[in-house]
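What follows is a single structure, written as structure tokens, with notes after it.
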Amino acid sequence: MAGSALAALGGVALAVQGRINGQLGHQLHDGLLAALISFSVGSVLLLVAAPILPNTRAGFGRLRKALRDRALRPWQMLGGACGAFLVTTQGITVSFLGVAVFTVATVAGQVVSSLPVDRAGLGPGGPQPITLPRAIGASLAVIAVIISVSDQGAVAASGGLWWAVLPAVAGCGLAWQGAMNGRVRDAAADVVMPTVVNFLVGTCALLLAAVVDVIIRGWPATPPGQWWLYVGGPLGIVTIMTAVAAVRVTGVLLLGMASVAGQLVGAVLLDVFVPAAGGPSATTLVGIGLTMVAVGIAAIRVRGR
């Protein structure tokens, strides 16, 4: 129960981060640069805090030993690249999709991708079979995305379903990211160290992409002055640390289910009280409800265990 509550808290933080990074990307006219700013702020905070924490310093040594002994492979430390792509899609799509539609699309990708990730045993919990409830839940999640964007007005006119593909693909990466961060957490025996690795990898990936972006498109607009547009990084730290702490107890699928609940609740509240895309439509709310049903069905096997 505690692990699920932690994951839900991380889901709420992810929804709020989506709104903030979406607004930052809208004002910069560049979602990629918004993502780089978010990851850079988080990386700086973690690099300042990590040396102060004794267990994190020891965790760095344990992580190096695990890599040297091949108990952990270098590619298992690349989960941050998926987080970087997710944050980039926030900056690109949230301002016109809305947090609710963005979240439904992300959740669909997360639920679908959790099936092969768990089946392959990539997470610390080992291999888990693909059952009928999980397959049905994944299918319903995809249908929920189509319903959610079906009457998004201007978004639909500009190919809203295709824009929703971006967060859906990013959601697919979330399951793999959670599994890899869980592996790093086991190797380091520390919650902060995999978060540091996650942010540094994501920042490096975004920095390379941003160089190409600036060469092709030129410099972005002047950064906005509102301080709250720069707290996406700390919210990302909350999201990653809660997931890393919970995944060993919950497994990849249940981690995703609890995170989904937090994301959807946070997304609905944001789009109702501080709407960025006209507020959630009736079909968006139907899509959210169907997504909740989907994750409930997909979690049946886990509860049965």
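Observations, loosely collected:
- Residue within segment 55-63 that is surrounded by 20 or more Cβ atoms within 10 Å (Cβ to Cβ) and over 25 Å from residue 14 (Cα atoms) present: yes
Yes/no per residue for (1) within 25 Å of residue 36 (Cβ to Cβ); (2) at pLDDT below 85; (3) of a type in the set (Ser, Thr, Tyr); (4) assigned to a helix (DSSP H, G or I):
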| site | (1), (2), (3), (4) |
| --- | --- |
| 144 | no, yes, no, yes |
| 151 | no, yes, no, no |
| 165 | yes, yes, no, yes |
| 178 | yes, yes, no, yes |
| 193 | yes, no, no, yes |
| 201 | yes, no, no, yes |
| 207 | yes, no, no, yes |
| 223 | yes, yes, no, no |
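- Residues in segment 45-59 that are part of a helix (DSSP H, G or I) and more than 20 Å from the chain's Cα centre (by Cα): 47, 48, 49, 50, 51, 52, 54, 55, 56, 57, 58, 59.
- Applying a threshold of 7 Å to beta carbon distances and a minimum spacing of six or more residues, or different chains, the list of pairs starting in segment 102-118 at a residue that is over 8 Å from residue 141 (Cα atoms) and surrounded by fewer than 24 Cβ atoms within 10 Å (Cβ to Cβ) and ending at one that is polar (S, T, N, Q) and at pLDDT 80 or above is empty.
- Taking first residues from segment 32-56 that are at negative phi and polar (S, T, N, Q) and partners that are exposed (fewer than 14 other Cβ atoms within 10 Å of the Cβ) and modelled with pLDDT under 90, the Cβ contacts under 8 Å between residues at least 6 apart in sequence or on separate chains come to 55/189.
The values are calculated or read from the model by the stated rules, or taken from the named source; none is laboratory data. This one's a predicted model, so the numbers in the text were calculated from it and none came from an experiment. Methodologically, a virtual Cβ is constructed for each residue, glycine included, from the backbone with ideal geometry; neighbour enumeration extends over all protein chains shown.
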